[in-house]
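S.K.: Take this structure, written in structure tokens, and hold onto it; I'll ask about it next.
The values are calculated or read from the model by the stated rules, or taken from the named source; none is laboratory data. What you see is a predicted model, and the numbers here were worked out from it, not measured in a lab. Virtual Cβ from ideal backbone geometry, glycine too; neighbours counted across all protein chains shown. Heavy atoms of the whole protein, side chains included, go into the accessibility calculation; ligands, DNA and RNA do not. Shrake-Rupley method; radii C 1.70, N 1.55, O 1.52, S 1.80 Å.
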Amino acid sequence: MTHRVVVVDDRRLVAEALASALRVRGHRVLAAGSPAARAVELVLGRQPEVCLFGCVAPEATGALAPVARLHREFPRCAVVVLGPVPRPMGVAAAFAAGARGYVRHDERIEGVERALARARAGEVAVAPSLLREAFTELLHPRDGAHAEGVRLAGLLTEREADVLVRIVEGEDTRRIAAGLGVAPSTARTHVQRLLTKLGTASRLEAAALAVRTGLLDHLAGRTG
């Protein structure tokens, strides 16, 4: 089944890549743009069945305001939020704003398609594990920054933890590669995987997140 879709994402290249992938698979992409705040503008007058809403930080104040507005003004347009992995409060915030689905931003295109189909059919489109974590967090809230640091530390491999330490210390790709004993291209791959797991768009953002959550303290003993 094909869908009439509008794609928005805080990252322009991601929006373009998603739109291209969906077109290749036969869907009608009515518009694609960035940042996600343009969602209402792009939906207006186009009558899409689904809006794929890519958001770097869905739990941030005001980030999901466009989703709430779409829910109010365009109720026939199902919104699927494409967000970081996994942020329970972000999942909860997405559904509270009126989204019909939440998909990890590292999900394969087939998974995105399934979410679009379920949302269009009026069903809730979210992985059970994400929903379970969201409810657990709401019922048993933990100390914010500390809990986030613990959660993020559990996502990283030893190599990714080493890469994060080097990023915080200000090392560029060449120095990271030399320190790890790998090619620069391999180092870039490690960096990109790290950014994806942390849900950050840049090395600077990753370093700031590590400092804010005390992530490096939780990684102690895993690097070096």
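S.K.: State all residues of region 89-102 that are open to solvent by 10 Å² or more (accessible area, probe 1.4 Å) and either assigned to a helix (DSSP H, G or I) or under 20 Å from Arg25 (Cα atoms) (or both); if no residue qualifies, say none.
M.R.: Met89, Ala92, Ala93, Phe95, Ala96
S.K.: Take the residues in region 1-18 that are more than 17 Å from Ala115 (Cβ to Cβ) and basic (Lys, Arg); name whichever of them is least open to solvent (accessible area, probe 1.4 Å).
M.R.: Arg11
S.K.: Still on this structure, please answer the following. Does Leu70 satisfy being in contact with a Pro (Cβ under 9 Å, 6 or more places away or on another chain), at pLDDT 90 or above and open to solvent by less than 40 Å² (accessible area, probe 1.4 Å)? I'd like the intermediate steps shown before the answer.
M.R.: Numbers: in contact with a Pro (Cβ under 9 Å, 6 or more places away or on another chain): no; at pLDDT 90 or above: yes; open to solvent by less than 40 Å² (accessible area, probe 1.4 Å): yes.
So Leu70 does not fit the description; no.
S.K.: Looking only at region 35-54, how many residues end up being in a helix (DSSP H, G or I) and either open to solvent by 20 Å² or more (accessible area, probe 1.4 Å) or in contact with a Lys or Arg (Cβ under 7 Å, 6 or more places away or on another chain) (or both)?
M.R.: Final tally of qualifying residues: 4.
S.K.: Go through Leu180, Leu198, Leu156, Leu209 for me and flag whichever is closer than 21 Å to Ala93 by Cα, at pLDDT 85 or above, outside the structural domain of Glu49 (by the TED database) and surrounded by 14 or more Cβ atoms within 10 Å (Cβ to Cβ).
M.R.: None of the others qualify; the one that does is Leu198.
S.K.: From the list Gly26, Gly101, Gly62, which one is out of contact with any strand residue (DSSP E or B) (no Cβ under 9 Å at 6 or more places or on another chain) and under 24 Å from Leu130 (Cα atoms)?
M.R.: Gly62
S.K.: Follow-up question, since we're still on this one. Kindly indicate which of Ala32, Ala57 is in contact (Cβ under 8 Å) with a residue 60 or more places away in the chain, touching a helix residue (DSSP H, G or I) at 6+ places or on another chain (Cβ under 8 Å) and either hydrophobic (A, V, I, L, M, F, W, C) or not in a helix (DSSP H, G or I) (or both). Break it down into steps so the answer makes sense when it comes.
M.R.: On the way: Ala32 fails: in contact (Cβ under 8 Å) with a residue 60 or more places away in the chain.
Answer to the check: Ala57.
S.K.: Continuing with this model, one more query. Considering region 194-210 alone, what residues qualify as being out of contact with any helix residue (DSSP H, G or I) (no Cβ under 6 Å at 6 or more places or on another chain) and not hydrophobic (A, V, I, L, M, F, W, C)?
M.R.: Matches in region 194-210: Thr196, Gly199, Ser202, Glu205.
S.K.: Residues to consider are Glu133, Glu123; find the one that is surrounded by fewer than 20 Cβ atoms within 10 Å (Cβ to Cβ), among the acidic types (Asp, Glu) and modelled with pLDDT under 90.
M.R.: Result: Glu133 is the single residue among Glu133, Glu123 that is surrounded by fewer than 20 Cβ atoms within 10 Å (Cβ to Cβ), among the acidic types (Asp, Glu) and modelled with pLDDT under 90.
S.K.: Which one of the conditions (1) open to solvent by less than 80 Å² (accessible area, probe 1.4 Å); (2) of a type outside the set (Phe, Trp, Tyr); (3) under 16 Å from the mean Cα position of the chain (by Cα); (4) over 21 Å from Ala121 (Cα atoms) does Ala21 fail to meet, given that it meets all the rest?
M.R.: So the condition that Ala21 fails would be (3).
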